Structure formats: structure tokens, C-alpha cells
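A short write-up of the structure that comes next.
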Amino acid sequence: MNEAGLKALRDKLDSIDNELLKLINERMEIVHQVGVVKAHSGGAIYRPERERAIIDRLEDLNEGKLNRSAIEALFLEIFAISRNLELPENIAYLGPEGSFTHQAAEARFGAMSSYLSIGSIKGVFREVSTKKAKFGVIPIENSSNGIVSDTISCLSNYDLKIIAEVILDVHHTLATTCDSVNDIKRIYSKDIAFEQCHRFLENFGLDEVEHIPVESTTKAAKMALTEPGAAAICSHVGAKIHNLPILFENIEDKDNNKTRFFIVSDFENAQSGDDKTSVLVKLPNTPGALVEFLTDFDNAGINLTKIKSHIVEGVSIFFIDFNGHKDDENVQEIFNKHADSIKFLGSYVKEVEDI
């Protein structure tokens with residue numbers, strides 16, 4: 001293509017960008033008006049079910065080259081910017097900066113939000129409970145390592161509600177200033193990351209170098225940057241934050257390693273039409289109590305997607321996910337029947353059936 005033809009195409013792009021900027025500013029003006037209404041009514045700023053409905057509608061209208069993932073990426077960032085115009089809110093997450101939980105938080109709240117890196121899951125719940133943060137982001141389970149006990153304990157002890165779930169594909173990188181794996185003498189990472197990348201390490205002879213466990217993969221990247229002959233197994237974001245060159249990407253043994261995160265806050269969601277509900281259940285220690293409880297769900301036509309037993313302060317409880325919303329009629333019947341046994345944790349837009 002000649003220069004004149006290229007210039008004509010670039011001029012068209014500039015014209016489209018100008019129109020996009022104008023339309024986005026118009027959208028933000030309406031967002032501001034919505035914020036004024038919500039400020040007077042006390043309405044929640046973050047409505048996952050509303051955001052899902054918008055993306056579903058846009059996907060149905062889409063006739064171009066964008067797929068759903070691309071539409072979601074574009075509009076989730078626009079939604080995040082909109083929320084910060086309405087009412088800037090702090091988001092507490094299980095740190096440190098660059099952790100997978102940080103990545104999950106940014107996936108929902110965008111780069112412009114104000115983030116608080118907190119050193120423990122209990123600390124995240126405490127920050128939201130005391131209203132120093134509006135939202136908290138914590139891991140609930142990993143497809144390889146199961147349920148996160150601290151999250152279950154905090155869900156039991158705090159009166160916060162799950163308002164959304166985020167599913168993140170967990171990918172590890174080998175990042176180092178070394179030019180070759182042969183130059184690597186030691187590797188920093190979390191214990192669990194070493195386990196999840198064992199096959200890669202073995203294939204490249206890196207199972208024979210020194211493995212040094214640290215409390216976070218982000219700290220591993222920081223240490224590897226300053227030490228000759230050192231490398232880190234860390235997230236892509238962790239390597240990027242510390243400007244540590246990535247030698248290999250996606251080094252985890254399993255290509256379907258996923259982590260599920262919860263977003264917690266102090267309000268409940270309205271029905272979206274495609275919801276999941278989480279509860280904690282403490283049943284009487286009598287024969288058949290669990291069978292009777294689960295049979296009620298079956299009789300009500302409610303699909304249980306997860307049931308895990310857990311010990312909280314010496315007491316056995318069950319963490320249960322099922323399809324449906326708290327306000328659905330068949331769910332209400334079960335909640336009323338078992339009011340003394342169920343702690344409602346939240347109803348939220350369903351992202352996946354299970355991991």
C-alpha cells in the first residue's frame with residue numbers, strides 16, 4: 001500500500017477515535033447523573049448483575065471482529081472508570097502487589113481504582129467490615145489445591161456478603177536476568193509454585209539448583225532482580241512490576257490450573273437470572289441430617305455445584321454452592337425450613353459451574 005492510501009486509513013482511524021472519545025464522555029456524563037441519584041437513594045455503585053446484562057446484550061448485537069472476551073475486556077475497564085467517577089472506593093486484596101489476587105481485583109475493578117494490599121485474608125475482611133475499603137478480594141479455592149481454609153473461617157466469622165466471583169487462569173513464568181537456564185544457580189518462589197512447576201523444572205535440569213521458598217512470588221521476582229544467577233517463578237504481573245525479564249511463560253504442569261476468588265462487600269445483589277448462591281451449613285449431629293438436608297434441594301429442583309466439609313473453631317460445617325438466587329421461591333422455602341442451620345453468604349452472577 002502506498003503512503004497516500006496508508007494516510008487515508010489512518011485519517012479514518014483518527015476520525016473514529018475522535019467519535020469514540022466524544023461518545024465515551026457522553027456516557028460518563030450520564031454515569032455522573034446516575035451517581036447523583038444513587039447518592040441520594042443509597043444504591044450500590046458496583047452492580048455485577050447489571051454489568052453482565054450489558055455485556056450479554058452487546059454480545060448479541062455484535063456483528064464485527066470482536067469476540068465476547070474482547071467486548072468484556074473493553075467494557076469492564078469502562079465500567080471501572082465509571083465507578084470511580086461515581087464514587088471512588090478502596091479495594092482491599094490479599095497482597096502483595098502483583099499477586100494473583102491483585103490480578104483478579106484489577107480484572108474486575110480496572111487499573112484506575114484505589115487498591116489496598118493487605119497481608120492476610122482476615123485483614124481484608126477487617127478492612128471491609130470497618131469500611132476502610134468498600135470491597136475485598138480473596139481466594140476461595142484452587143483447582144489443584146482445594147478450598148482456602150482462612151477464607152471459609154472469615155466467611156463464618158464476619159457478616160459480609162459475596163457479591164461476585166472471579167475465575168483466573170493461573171500461569172507461572174520463569175523470570176531472570178540470566179540469558180540462559182544454564183546460568184541459573186538458585187530460584188525463588190512460593191512452595192506451592194515450585195510444586196505446580198515441578199515437571200518444567202525437571203525437564204530443564206532446574207530441579208537440581210537451589211530452591212528458596214519465600215512468602216510471595218512478587219517478592220521472589222524482586223529478589224531475583226538484584227542477585228546474579230537468581231531466577232523467580234512468579235506471575236507475569238509480578239515480573240512486569242519489577243521489570244524482571246521473562247525467560248519462559250506458562251511453565252505450570254497443568255494447563256487448566258484455575259483459582260476462584262470472591263469479592264465481598266456490605267450489600268446484597270439483586271437477581272440476574274443466572275445466579276449462584278453460597279452458604280455455610282451447620283447441621284445437628286444426628287443420623288441422616290445431611291441426607292435430609294440435601295434431599296430438600298433435590299426435591300426443590302436446585303442443582304448443588306459444590307459441597308465441602310470444613311472445621312471452624314472445632315465445629316464441622318459445610319460450604320455449599322448451588323445454582324439460583326436467595327430470593328428465588330424454591331430457595332426461600334429451603335432457607336425458611338433450615339433457618340437455624342444456614343448462614344447465607346451471598347448470591348452473585350455465576351461465572352462458571354465449578355473449577
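The values are calculated or read from the model by the stated rules, or taken from the named source; none is laboratory data. All figures in this text were calculated on a predicted structure; none of them were measured in a lab. Glycine also receives a Cβ, built like all others from the backbone with ideal geometry; neighbour counts cover every protein chain displayed. For the accessible areas, the whole protein counts, side chains as well, though only heavy atoms, and no ligand, DNA or RNA atoms are used. Shrake-Rupley method; radii C 1.70, N 1.55, O 1.52, S 1.80 Å.
Residues in region 244-262 that are open to solvent by 10 Å² or more (accessible area, probe 1.4 Å), part of a loop (DSSP other than H, G, I, E, B) and within 30 Å of K276 (Cβ to Cβ): 6 in all. Only residues that are of a type outside the set (D, E, K, R), modelled with pLDDT under 90 and closer than 25 Å to H171 by Cβ were counted in region 80-101, giving 6.
If you filter region 231-243 down to residues that are surrounded by fewer than 24 Cβ atoms within 10 Å (Cβ to Cβ) and either among the β-branched types (V, I, T) or under 16 Å from D183 (Cβ atoms) (or both), you find that the one that is modelled with the highest pLDDT is I241.
Residues are listed down the side, and each one gets a yes or a no for (1) of a type in the set (F, W, Y); (2) part of a helix (DSSP H, G or I); (3) in contact with a Cys (Cβ under 8 Å, 6 or more places away or on another chain); (4) open to solvent by 30 Å² or more (accessible area, probe 1.4 Å):
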| position | (1), (2), (3), (4) |
| --- | --- |
| D179 | no, no, no, yes |
| Y188 | yes, no, no, no |
| E195 | no, yes, no, yes |
| F200 | yes, yes, no, no |
| I212 | no, no, no, yes |
| K222 | no, yes, no, yes |
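Taken as a whole, region 304-320 holds at least one residue that is outside any helix (DSSP H, G or I), hydroxyl-bearing (S, T, Y) and open to solvent by 30 Å² or more (accessible area, probe 1.4 Å). Only residues that are aromatic (F, W, Y) and touching a residue at least 40 places away in the same chain (Cβ under 8 Å): list them for region 292-343, please. Those that are aromatic (F, W, Y) and touching a residue at least 40 places away in the same chain (Cβ under 8 Å): F293, F319, F322. For region 147-160, a residue qualifies if it is farther than 17 Å from G95 by Cα and open to solvent by less than 30 Å² (accessible area, probe 1.4 Å), and the qualifying residues are I152, L155, L160.
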